[in-house]
Amino acid sequence: MPSHVDFSYWDQWKPLLVANPLVPLARHTLHAGLDWLAMPDAKERRKGAKPLNSLRLLHTSDVHLGSDYWPEQATEAFKRVVDVALARRVDLFILAGDFFDHGRVHQDVIDFGLAQLGRLQAPAVLIPGNHDLYLYQRLDLNAPSKGIHLIQEYQGRELVFEEQGVAVWGKGMEDHHPKNYPLRGVPDLPDGLWRVAVAHGHYVPAAETPDRSSPIKEQEIAALACDYVALGHWHHFFDASSGGVTAFYSGSPSEKGEIQGSVNLVTLEPGKAAQVQRIRIWD
Ligand SMILES: [Mn+2]
């Protein structure tokens, strides 16, 4: 018996495994932990022309404007979030879901949210969260302002901002349930641009089996060819980076606490890993 495992067999078989059309079917029958077997090598996919520009983006989520619990606090918080974006002169603003608290928020609340977004000097990219997905079915946020980009497509959509040198991918949410995978189907974004993914869901470490709605698996993050992954749904700041891919929850700006009440200022510079600075918005 050989005393070691000969990995050259793996090198021979892996291309077949990756190319085999039955793999997606087989994958579903495998334990979740084996998912990575069928994924193309993440490092390979991250190759290609690197961006030459620097980019600063502000990442927030879960503002919950119109909240039943802390409506005034949410309004004040969002004003301050926009102030931070202006003071730091960001190139891009990302809101990773649950901008509004529910689908029946009053028109005044919607107008307030849009007016605040209108103060930004940078494009804003929004995705729905489980709280506000039904609101957007009756409200087209894209209509009032050219600077607002709400991604609604269930299969996902890629936005390219040539001036800022960044491509952003996100997807809409049809329903918040365990078979909704917010980070599934991310395409390889264009070379030569910063590559950012946005997702609203529940982070699941590799050792855990997902049983919550809208799971975002650690392995899915590790397999992305992205420079930053902006996560929403958890109301506290959290580092979900994996496999060399920088991924963070910003947490809700509207709640006060040791790990809440802040936004993420993300700096992307050529040749460096993403730098994430947590900025508190309450004193
Ligand atoms: Mn949520």
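The table for this structure:
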{"item": "Residue in the range 97-105 that is out of contact with any helix residue (DSSP H, G or I) (no Cβ under 7 Å at 6 or more places or on another chain), modelled with pLDDT under 95 and away from the ligand (no atom under 15 Å from the Cβ) present", "result": "yes"}
{"item": "Evaluation of Tyr154 against (1) over 16 Å from the mean Cα position of the chain (by Cα); (2) away from the ligand (no atom under 16 Å from the Cβ) (one fails), failing number", "result": "(1)"}
{"item": "Selection within the range 179-197 - more than 17 Å from Ala273 (Cβ to Cβ) and in contact with a Lys or Arg (Cβ under 9 Å, 6 or more places away or on another chain)", "result": "Tyr181, Pro182, Leu183, Arg184, Gly185, Val186, Asp188, Leu189, Asp191, Gly192"}
{"item": "Entirely in the range 79-170, the strands (runs of 3 or more DSSP E) that have 1 or more residues that are under 20 Å from Gly261 (Cα atoms)", "result": "92-95, 124-126"}
{"item": "The range 49-78: number of residues that are part of a loop (DSSP other than H, G, I, E, B) and of a type in the set (Lys, Arg)", "result": "1"}
{"item": "Looking only at the range 171-192, and only at residues there that are surrounded by 18 or more Cβ atoms within 10 Å (Cβ to Cβ) and closer than 23 Å to Ser241 by Cβ, the one that is modelled with the lowest pLDDT", "result": "Leu189"}
{"item": "Candidates Asp283, Asp227, Asp191, Asp239, filtered to the one that is of a type in the set (D, E, K, R), over 24 Å from Asn142 (Cα atoms) and touching a Leu at 6+ places or on another chain (Cβ under 7 Å)", "result": "Asp227"}
{"item": "Listing of strands (runs of 3 or more DSSP E) fully contained in the range 184-275 that carry 1 or more residues being within 16 Å of the ligand (Cβ to nearest atom)", "result": "194-200, 202-204, 215-217, 228-232, 247-249"}
{"item": "First in the range 206-232 and among the acidic types (Asp, Glu), second anywhere and more than 14 Å from the ligand (Cβ to nearest atom), Cβ under 6 Å, 6 or more apart", "result": "Glu218/Pro205; Glu218/Ala206; Glu218/Ser242; Glu220/Leu183; Asp227/Trp194; Asp227/Arg195; Asp227/Leu268; Asp227/Ala274"}
{"item": "Residue list for the range 114-133, filter: within 16 Å of the ligand (Cβ to nearest atom) and either exposed (fewer than 15 other Cβ atoms within 10 Å of the Cβ) or small (Gly, Ala, Ser) (or both)", "result": "Gly129"}
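The values are calculated or read from the model by the stated rules, or taken from the named source; none is laboratory data. Note that the coordinates shown come from a computational prediction; the quantities given were computed from them, not determined experimentally. Neighbour counts run over all protein chains shown; Cβ positions are idealised from the backbone, glycine included.
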